[in-house]
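The structure appears below as structure tokens.
The values are calculated or read from the model by the stated rules, or taken from the named source; none is laboratory data. Please read all numbers here as calculations on a predicted model, not as lab measurements. Cβ placement follows ideal geometry from the backbone for every residue including glycine, while neighbour counts extend to all protein chains displayed. These accessible areas exclude ligands, DNA and RNA; they are computed on the full protein's heavy atoms, side chains included. Shrake-Rupley method; radii C 1.70, N 1.55, O 1.52, S 1.80 Å.
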Amino acid sequence: MPKKRILLWTGIVLNAIAMIILTFYFMSLPWLAGDEKLLIWGTSALKFSNREMPASEDFALINTSYDLQLIDRLDDFGFPVGQRAITDRQKLGTILNIISQSERPPKYIICDIHFLDSTAFDFELGVALSQFDNLIISYHLNASDEAENPIFNHINKGLSDYVVGSVFDGVYKYQLIYNDSLKLTPLIIHDDLSGKLSNTYGPFVKIGDYWTPNNFIMNYRLLQKDIENMEAGFNPVNLGELMYLEEADIQEFVAGKIVVIGDFFEADMHETLFEITSGPLILLNAYLTIQAGDTYVNLWFFILVFATYLYLSYMVFVDGDYMENQLTKHFGAVRIANYLAGFMSYLILLTLLSLLIFFIFGIHLNVFFLALIFYALDKIMALIYRI
């Protein structure tokens, strides 16, 4: 084989490998390009229309939006400057204490509440939380990227942020492990319930014997409108309303279920791919995504991506492209078409790849950025060939 041809194919292979690395870098970013949102929304909506909703009898949702207590708001020097509202810890401790005495305990309790400040009811609540070995509470990162640990340090806790580091309002992607060490709450829940160990390896997380990207766009099984629909069976019960029930009825309500406690309607609301969704519901959807293996990948995933990138790299390094010629032929009368034909040929092929991968592996690719890079490389190579 001539030396020039060896160099050509070496460049094609190396470029394909580099683009795979860039693919997972783009997947780790917390935002999407505007054009990608439409593609991702459309494919996700199509898949969502054929979703399998979880059984409502497997879950009990407890809403804390309307059960609040006032505590002092302190300045940087520890002096009170007013008041702010937090979840009523006295009511929460009472309900958890009743649940802990049940002969049929919950399967798991997700308490998506940030216990950052101290109150007069913390001792009783801490005792109630300690009664469970299948419970998790939330913590978050502050502006300095440091963990804001809850006051109940002895209780199992999970990082309940979303794609960490996002400067945008929307929650479009989800991250399982942050900084290779901090597991997010849904992954810890899955570890606890499945008994499988999970660890991060670069852009991937190994869960038991399976692999998934660390960052992905969730396949939502429950929407905010589902928990607001009386007929769906997922309606959250207000914490204060539970206080009016008999202890036996409270225990029956949560028996054998995954219990999710948090703000479902007021302060903890976020823009997602489909609609404004509450934080606890996002956590639950992330857990269901892991549990169902929606984004698990195997060797065929890499073969498909690598083969496609080999062809696109061939388009970059070798002059001439059928799709670009066809686009120019049909739209060449429009001057801008001559400039966009090359970019659109890459974008169309990458879109087809993303569609195929999504419906097989449940994973979206950031096709807009990838197409830009392939097109830029194409133009660079064209300039080199002219020299």
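Odds and ends about this structure:
- Residue within the range 178-187 that is within 21 Å of the chain's Cα centre (by Cα), β-branched (Val, Ile, Thr) and over 23 Å from ILE155 (Cα atoms) present: no
- Residues being open to solvent by 50 Å² or more (accessible area, probe 1.4 Å) and within 22 Å of ASP268 (Cβ to Cβ) are represented in the range 101-115 by at least one member.
- Pairing residues of the range 199-216 that are farther than 13 Å from THR295 by Cβ with residues that are basic (Lys, Arg), at Cβ distances under 6 Å and at least 6 apart in sequence or on separate chains, gives ASN199/LYS206; GLY208/LYS196.
- Options SER345, SER354; residue that is open to solvent by less than 70 Å² (accessible area, probe 1.4 Å) and modelled with pLDDT of 85 or more: SER354
- Failed criterion for THR200 (all others in (1) closer than 20 Å to PHE59 by Cβ; (2) open to solvent by 10 Å² or more (accessible area, probe 1.4 Å); (3) in a strand (DSSP E or B); (4) among the polar types (S, T, N, Q) hold): (1)
- Residue under evaluation LYS91, criteria (1) among the basic types (Lys, Arg); (2) touching a Leu at 6+ places or on another chain (Cβ under 9 Å); (3) surrounded by fewer than 16 Cβ atoms within 10 Å (Cβ to Cβ), criterion not met: (3)
- Qualifying residue in the range 129-137 (condition: open to solvent by 20 Å² or more (accessible area, probe 1.4 Å), among the β-branched types (Val, Ile, Thr), modelled with pLDDT of 90 or more and not in a helix (DSSP H, G or I)): no
- Candidate set: the range 48-84, residues that are small (Gly, Ala, Ser), under 23 Å from ASP122 (Cβ atoms) and exposed (fewer than 10 other Cβ atoms within 10 Å of the Cβ); chosen: the one modelled with the highest pLDDT: GLY82
- Residue list for the range 105-128, filter: hydroxyl-bearing (Ser, Thr, Tyr) and either at pLDDT 90 or above or closer than 16 Å to ASP263 by Cβ (or both): TYR108
Here is a yes/no grid of residues against (1) of a type outside the set (Phe, Trp, Tyr); (2) open to solvent by less than 20 Å² (accessible area, probe 1.4 Å); (3) free of Cβ contacts under 8 Å to residues at least 12 places away in the same chain:
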site	(1), (2), (3)
ILE6	yes, no, yes
LEU14	yes, no, yes
MET19	yes, yes, no
MET27	yes, yes, no
LYS37	yes, no, no
THR43	yes, yes, no
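- Residue list for the range 203-213, restricted to those being crowded, with 22+ Cβ neighbours inside 10 Å and within 13 Å of MET27 (Cα to Cα): THR212, PRO213
- Any hit, the range 181-197, residues being in contact (Cβ under 8 Å) with a residue 60 or more places away in the chain, outside any loop (DSSP other than H, G, I, E, B) and open to solvent by 70 Å² or more (accessible area, probe 1.4 Å): yes
- Being more than 15 Å from VAL254 (Cα to Cα), in contact with a strand residue (DSSP E or B) (Cβ under 7 Å, 6 or more places away or on another chain) and not charged (D, E, K, R) is a property that ILE86 has.
- Filter result for the condition that a residue is over 30 Å from SER313 (Cα atoms) and either of a type outside the set (Val, Ile, Thr) or under 30 Å from the mean Cα position of the chain (by Cα) (or both), over SER130, SER28: SER130
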